[in-house]
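Data first, discussion second: the structure below is written as structure tokens.
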Amino acid sequence: MTDKSPVRMTPRRRVVLEELRSLKTHPTADELYRRVRERMPRTSLGTVYRSLRILAEDGRIRVFERGGLPRRFDGDVSGHYHIECVECGDVVDLPADRFGNIEKRVQDLCGYTVVGHRVGFTGVCPRCARKRRRRGTRV
Ligand SMILES: [Zn+2]
Ligand SMILES: [Zn+2]
């Protein structure tokens, strides 16, 4: 996109990125902060936030924003889809190859040369669905 120089990887940013990549749970900044602190005890939450913002701007990580819920982060930027729980904000991976060749199908539908796509799913996770049932609310 732009020709700005790549982000400088400070040791702390590298640790943030490594810890995030080691997790498959799409953690919040708080969760990540606790892990980073174990390796670099003098890290502040503010530093972790700043590192995450910079890594996201640089396209090295993905950010999930849901109004009112803490942001979640993904260190895996390879092609895969997500489903997010509308109740608790939990994010789970869905392998893109299970959805067939979406871009080809869209191209056939509209004649565009498809160069990319974004797909995201929302739902109610099994845990929240159980809670709802206990409260007697319908899903
Ligand atoms: Zn949930
Ligand atoms: Zn993911």
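The values are calculated or read from the model by the stated rules, or taken from the named source; none is laboratory data. Values in this document were obtained by computation on a predicted structure and should not be read as measured data. Reconstructed Cβ throughout: ideal geometry from the backbone, glycine too, with neighbour counts over all protein chains shown. The accessibility values were calculated without ligands, DNA or RNA, using every heavy atom of the protein model including side chains. Shrake-Rupley method; radii C 1.70, N 1.55, O 1.52, S 1.80 Å.
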Going by the conditions given, is residue 43 β-branched (Val, Ile, Thr), outside any helix (DSSP H, G or I) and more than 16 Å from ligand 2 (Cβ to nearest atom)?
yes
Examine region 30-50 for a residue that is within 27 Å of residue 116 (Cβ to Cβ) and of a type in the set (S, T, N, Q), and state whether such a residue exists.
no
Looking at region 83-105, which of its residues are free of Cβ contacts under 8 Å to residues at least 60 places away in the same chain, under 22 Å from residue 117 (Cβ atoms) and charged (D, E, K, R)?
84, 97, 98, 103, 104, 105
Which one of these does residue 90 not meet: (1) in contact with a helix residue (DSSP H, G or I) (Cβ under 8 Å, 6 or more places away or on another chain); (2) within 15 Å of residue 63 (Cα to Cα); (3) open to solvent by 60 Å² or more (accessible area, probe 1.4 Å); (4) not hydroxyl-bearing (Ser, Thr, Tyr)?
(3)
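Can you pull out the residues in region 62-87 that are in contact with a Ser or Thr (Cβ under 6 Å, 6 or more places away or on another chain), open to solvent by less than 70 Å² (accessible area, probe 1.4 Å) and more than 20 Å from residue 132 (Cα to Cα)? Break it down into steps so the answer makes sense when it comes.
From region 62-87, those in contact with a Ser or Thr (Cβ under 6 Å, 6 or more places away or on another chain) are 70, 72, 84, 86; that's our starting set.
If we keep only those that are open to solvent by less than 70 Å² (accessible area, probe 1.4 Å) too, we end up with 72, 84, 86.
Listed by number, the list holds a single entry, 72.
Regarding region 63-82, can at least one residue be identified that is assigned to a loop (DSSP other than H, G, I, E, B), within 16 Å of ligand 1 (Cβ to nearest atom) and of a type outside the set (Asp, Glu)?
Looking only at region 63-82, we keep the residues that are assigned to a loop (DSSP other than H, G, I, E, B), and these are 67-68, 75-79.
Then drop every residue that is not within 16 Å of ligand 1 (Cβ to nearest atom), which leaves 67-68.
Applying the additional criterion that residues be of a type outside the set (Asp, Glu) yields 67-68.
Yes, there is a match, as at least one residue in region 63-82 is assigned to a loop (DSSP other than H, G, I, E, B), within 16 Å of ligand 1 (Cβ to nearest atom) and of a type outside the set (Asp, Glu).
If the requirement is being outside any helix (DSSP H, G or I) and within 13 Å of ligand 2 (Cβ to nearest atom), which of these qualifies: 114, 92? Break it down into steps so the answer makes sense when it comes.
Numbers: 114 fails: within 13 Å of ligand 2 (Cβ to nearest atom).
After ruling out the rest, the residue left standing is 92.
Do we have any residue at all in region 47-56 that's away from ligand 1 (no atom under 16 Å from the Cβ), outside any loop (DSSP other than H, G, I, E, B) and exposed (fewer than 14 other Cβ atoms within 10 Å of the Cβ)? Spell out how you get there, then give the answer.
Our first condition is that a residue be away from ligand 1 (no atom under 16 Å from the Cβ); within region 47-56, this holds for 47-56.
Next, from what is left, pick out any that are outside any loop (DSSP other than H, G, I, E, B): 47-56.
When the remaining residues are screened for being exposed (fewer than 14 other Cβ atoms within 10 Å of the Cβ), the result is none.
Within region 47-56, not a single residue is away from ligand 1 (no atom under 16 Å from the Cβ), outside any loop (DSSP other than H, G, I, E, B) and exposed (fewer than 14 other Cβ atoms within 10 Å of the Cβ).
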Under 8 Å between Cβ atoms, which residue pairs at least 6 apart in sequence (or on different chains) link something in region 71-82 that is more than 14 Å from residue 51 (Cα to Cα) with a partner that is more than 16 Å from ligand 1 (Cβ to nearest atom) and among the basic types (Lys, Arg)?
76/21; 76/24; 76/62; 77/60; 77/62
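When region 18-30 is examined, which residues are found to be in a helix (DSSP H, G or I) and surrounded by fewer than 18 Cβ atoms within 10 Å (Cβ to Cβ)?
18, 21, 22, 30, listed by residue number.
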